[in-house]
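Take a look at the structure set out below.
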Amino acid sequence: MLTLKDIVVVRDKKTILQIGDFRLEEGERLAVIGPNGAGKSTFLKVLALLETPTAGEIFFRGDKVTGQNSLTFRRRMAVVFQEPLLLNTTVFNNVAQGMHFRGIAGVDRQRRVDYWLDRFGITALRNRKPLHLSGGEAQRVSLARAFVLEPEVIFLDEPFSALDFSTRLELLEDLGTQLANTGSTTVFVTHDFNEIPYLTDNVAVIDAGAIVYKGGLKSLLAGEVAVPAVQRFLRPFKMSGQLLV
């Protein structure tokens, strides 16, 4: 579905990301982990066509992404960030926002918004404004706003990191259910190993701007991956007992 070839991102004369060859398959759900500053968010932004790489090529369903067609492809995707970034209007209007730009209106818009408000358990909040939402409620609105667009790919950039444990757990369970039901292709950036099993068993580890491992989470945690960068990243989690998976 999405292919990167010889991607390089340079900022202030420093190479932030360098990906030789990467392919995201249709229906794949991929968790992206790695140390702080490793390039995880930059990788997601390049994949989501939110950042133009310094060099390299991106292909979406076999078509090369260019400056002329990138917006067309980007409208077939959705991104959920750590901060919900809601407008100062009702929950209903926030969820419906993206459909306006896609020319979806009337009964179809009403039906789709109602459906995803229900799926994420926020129907009762439909007339509430962001100022009166908890962090978990606001992130549910952000997720509903992404799913209502029926995107071909969903990108999640640490969407639960600012939430308390119980709220995060509830949202992970709900999100895992919706991803399983829709079969959505998903890229999920996280710093918490314990979030991954709710969404996928497929993991990519990024270190110093490069993908050093892509495969199963169980193999990674079982010590079957003899990649020094991976072992360095895992060591503090194992020593501190933070790994619950």
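The values are calculated or read from the model by the stated rules, or taken from the named source; none is laboratory data. Source: prediction; values computed, not measured. Every residue, glycine among them, receives a Cβ derived from its backbone with ideal geometry; neighbour counts consider all protein chains shown.
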Original post:
Which helices (runs of 4 or more DSSP H) does the range 60-167 wholly contain that include 2 or more residues that are buried (at least 21 other Cβ atoms within 10 Å of the Cβ) and not assigned by TED's automatic domain parsing to the domain that holds Gly183?
Top reply: 91-101, 106-119, 135-147
**OP:** Can you tell me which residue within the range 42-55, out of those that are outside any loop (DSSP other than H, G, I, E, B) and not hydrophobic (A, V, I, L, M, F, W, C), is farthest from Gly27 (Cα to Cα)?
**Re:** Thr42
Original post:
Yes or no: Thr182 hydroxyl-bearing (Ser, Thr, Tyr), surrounded by fewer than 16 Cβ atoms within 10 Å (Cβ to Cβ) and either over 30 Å from Val10 (Cβ atoms) or assigned by TED's automatic domain parsing to the domain that holds Leu30 (or both)?
Top reply: yes
Subject >> Residue check, Val187 over 13 Å from the mean Cα position of the chain (by Cα), assigned by TED's automatic domain parsing to the domain that holds Asp21 and at pLDDT 90 or above >> reply: no
Original post:
Quick one: is Val9 within 16 Å of the chain's Cα centre (by Cα), aliphatic (A, V, I, L, M) and in the same structural domain as Val205 (by TED's automatic domain parsing)?
Top reply: no
Subject >> Residue match in the range 185-195 (condition: among the hydrophobic types (A, V, I, L, M, F, W, C), more than 20 Å from Met77 (Cβ to Cβ) and surrounded by fewer than 18 Cβ atoms within 10 Å (Cβ to Cβ)) >> reply: no
Original post:
If we scan the range 33-48, do we find a residue that is hydroxyl-bearing (Ser, Thr, Tyr), at pLDDT below 95 and over 18 Å from Pro151 (Cβ atoms)?
Top reply: yes
**OP:** Keeping to the range 215-236, report how many residues are touching a residue at least 12 places away in the same chain (Cβ under 8 Å) and either not assigned by TED's automatic domain parsing to the domain that holds Pro159 or not in a helix (DSSP H, G or I) (or both).
**Re:** 4
Original post:
Does Ala208 satisfy the criteria of being out of contact with any strand residue (DSSP E or B) (no Cβ under 7 Å at 6 or more places or on another chain), surrounded by 14 or more Cβ atoms within 10 Å (Cβ to Cβ) and closer than 17 Å to Leu44 by Cα?
Top reply: yes
**OP:** Might you let me know whether the range 56-68 holds any residue that is of a type in the set (Lys, Arg), farther than 28 Å from Glu26 by Cα and touching a helix residue (DSSP H, G or I) at 6+ places or on another chain (Cβ under 9 Å)?
**Re:** no
